Amino acid sequence: MKKSLLLIGIFISAMAIAQNPVLNPSFENWTLGEPDEWTTNNAPGFSVPIQQNNTGHTGNFAVSGFVTQIGVNTPFPPILNSTDLAGNPHPVAMSYTNMSFYYKLNLTGSGEFFNAGVVISDVSQSGIGGGVQQFFSTANTNTFALANVPISYIPGGTPAGAIITFTISDTLSGAGLQIGSYFRLDDVSLNFASGIQDNQNANFIFNPYPNPAVNFINLP
């Protein structure tokens, strides 16, 4: 009997660890051109850099982020955040060790990079951890590739929320963005890393500060 209870406990614990807190992680659900449970910088009639795509890694859909054009040859980058319209993060209750996702990438400028980041906050929405990776054009791929972003924490914090951000930026404060560059994403998850190798062609950014954090957190 004790052995059975132990096995049940291990099974329940494994199920809890396997739970992915990211809402609409495979971008299957959309409303009026926007992915449910995520916010974008789309401005219909002006610029729509975040778009639905029907070639997902799993399921029927994925999300694409394009560098679009505004005005006369002025590039406008895509920004995708895992928040609701009020800016509230996706709720979490564990200290997940990494964020993973599948991506396709086509950056046409040498100074452009695809930025993937996550900030973990406590109940007051003060940052207690996070991680960032930057993928340059050397990471371009037309087939879905798996990426893993390690998450570092400030000791003593209790996770309550997560904001995941994807965007395309550049090393020239916007001047190096190329209209038409894009990323495509699917199957975003927060989980516990086990024997995961570092991604090649990516820059890793760790050690969030200040410590302790107040109101915001920097990921240098």
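The values are calculated or read from the model by the stated rules, or taken from the named source; none is laboratory data. Bear in mind the structure is a predicted one, so any value in this text is a computation, not a measurement. Side chains are part of the model used for accessible areas, which takes the heavy atoms of the whole protein and leaves out ligands, DNA and RNA. Shrake-Rupley method; radii C 1.70, N 1.55, O 1.52, S 1.80 Å.
Can you tell me how much longer the chain between Ala193 and Ser126 gets when fully stretched, taken as 0.36 nm per residue apart minus their C-alpha distance, in nm with one decimal?
Values: separation 67, 0.36 × 67 = 24.12 nm, distance 2.40 nm.
Net length gain for the segment: 21.7 nm.
When the accessible area of segment 41-139 is computed with all protein chains present and a 1.4 Å probe, what percentage of it is carbon and sulfur? List each step's numbers first, then the result.
Numbers: 2210 of 4010 Å².
Result for segment 41-139: 55 percent of the exposed heavy-atom area is carbon or sulfur.
Using the Kirkwood radius over Cα pairs, work out the Stokes-Einstein diffusion coefficient for segment 66-201 at 10 °C and 1.306 mPa s, in µm²/s as a whole number.
Details: Rh = 15.8 Å.
In µm²/s, the coefficient is 101.
For segment 55-139, what does the accessible surface come to per residue with a 1.4 Å probe? Please give it in Å².
Details: 3210 Å² over 85 residues.
Dividing the accessible area of segment 55-139 by its residue count gives 38 Å².
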